[in-house]
1. In this structure, is E72 under 21 Å from A150 (Cα atoms), at pLDDT 95 or above, among the acidic types (D, E) and within 16 Å of the chain's Cα centre (by Cα)?
2. Would you mention how many residues in the range 6-28 are within 20 Å of the chain's Cα centre (by Cα) and of a type in the set (G, A, S)?
3. Considering only the range 137-171, state which residues are out of contact with any Phe, Trp or Tyr (no Cβ under 9 Å at 6 or more places or on another chain) and under 19 Å from F10 (Cβ atoms).
4. Does D110 satisfy being out of contact with any helix residue (DSSP H, G or I) (no Cβ under 8 Å at 6 or more places or on another chain) and in the same structural domain as K190 (by TED's automatic domain parsing)?
5. Which pairs have Cβ atoms under 9 Å, sit 6 or more apart or on different chains, and link a residue in the range 29-42 that is closer than 12 Å to R178 by Cα and among the charged types (D, E, K, R) to one that is at pLDDT 95 or above and surrounded by 19 or more Cβ atoms within 10 Å (Cβ to Cβ)?
6. Out of all the residues in the range 118-128, is one or more surrounded by 22 or more Cβ atoms within 10 Å (Cβ to Cβ) and closer than 17 Å to Y33 by Cα?
7. List the number of the failed condition for V71; all other conditions in (1) under 26 Å from K107 (Cα atoms); (2) touching a Phe, Trp or Tyr at 6+ places or on another chain (Cβ under 7 Å) hold.
8. Would you check which residues across the range 56-74 are out of contact with any strand residue (DSSP E or B) (no Cβ under 9 Å at 6 or more places or on another chain) and within 16 Å of N125 (Cβ to Cβ) and list them?
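The values are calculated or read from the model by the stated rules, or taken from the named source; none is laboratory data. Remember, predicted model here, so these are calculated numbers, not experimental data. Glycine gets a Cβ as well: all are built from the backbone with ideal geometry, and neighbour counts include every protein chain shown.
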Amino acid sequence: MSKFKYKVEFPNREAGVKYCEKKGILAKNIRDYKKDEVLFYSSRVKTREAQILSNMYPCRLNLNGQIFKSVEHMYHYMCFTQYREIQDRIQVCRTGFEVKQMCKGLKRDDNFEEKHHDVMEFCMNLKYQQCKEFREILENSGDVPLVEWAEWGDVSAGTCLYMKGGEEWLIGQNSGGRLLMKVRLNNRKKNL
């Protein structure tokens, strides 16, 4: 039995598109992926690759001597630079899940909307440099699409499942997966 409260799935693509649009995603940013043709990841999928690609994956990240327990820790810490007391609370959280729950609904830095994508990219690049397992998965993934499966309904960062012709498909903006693909490509170019 799953410990999670809900699972968002759609009976067909049209229902998925409506849900995405309801969440504010423009039609041009909605993407579809055939599930068996991608490397999908999530903290809730219990495969090695899925766990390691997740921002929740526990890894030691060192930024100028400051240690973070996961990308989730570092990302939120960097989005609360105007709130030292929140940063202190983030640092004592044991898991990325605790960080995400604690930060839910809190006011972030004034420039959060402008910087949050760049902050996440910075954190993922640091994870690439400092986490061997993460780097190996990205390097060995070729050009296969990386897709976050966000069965809890986050179709902005990830995707949700729908059925088409008896096959499983994923639909959403997949900004997290697309950012991972960008990190993979940029680091591949650096290593040429």
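1. Spelling it out, E72 is indeed under 21 Å from A150 (Cα atoms), at pLDDT 95 or above, among the acidic types (D, E) and within 16 Å of the chain's Cα centre (by Cα).
2. Residues in the range 6-28 being within 20 Å of the chain's Cα centre (by Cα) and of a type in the set (G, A, S): 2 in total.
3. Passing the criteria: A150, D154, S156, A157, K164, G165, G166, E167.
4. Values: out of contact with any helix residue (DSSP H, G or I) (no Cβ under 8 Å at 6 or more places or on another chain): yes; in the same structural domain as K190 (by TED's automatic domain parsing): no.
The answer is no for D110.
5. Once the first residue is closer than 12 Å to R178 by Cα and among the charged types (D, E, K, R) and sits in the range 29-42, its partners that are at pLDDT 95 or above and surrounded by 19 or more Cβ atoms within 10 Å (Cβ to Cβ) give R31/V147; R31/T159; R31/L170; R31/I171; R31/G172; R31/Q173; R31/N174; R31/G177.
6. Within the range 118-128 (the criterion being surrounded by 22 or more Cβ atoms within 10 Å (Cβ to Cβ) and closer than 17 Å to Y33 by Cα), the answer is no, since none of the residues qualifies.
7. Just one mismatch for V71, condition (2).
8. Taking the range 56-74 first, the residues out of contact with any strand residue (DSSP E or B) (no Cβ under 9 Å at 6 or more places or on another chain) are 56-58, 63-66, 72.
The answer is Y57, L63, N64, E72.
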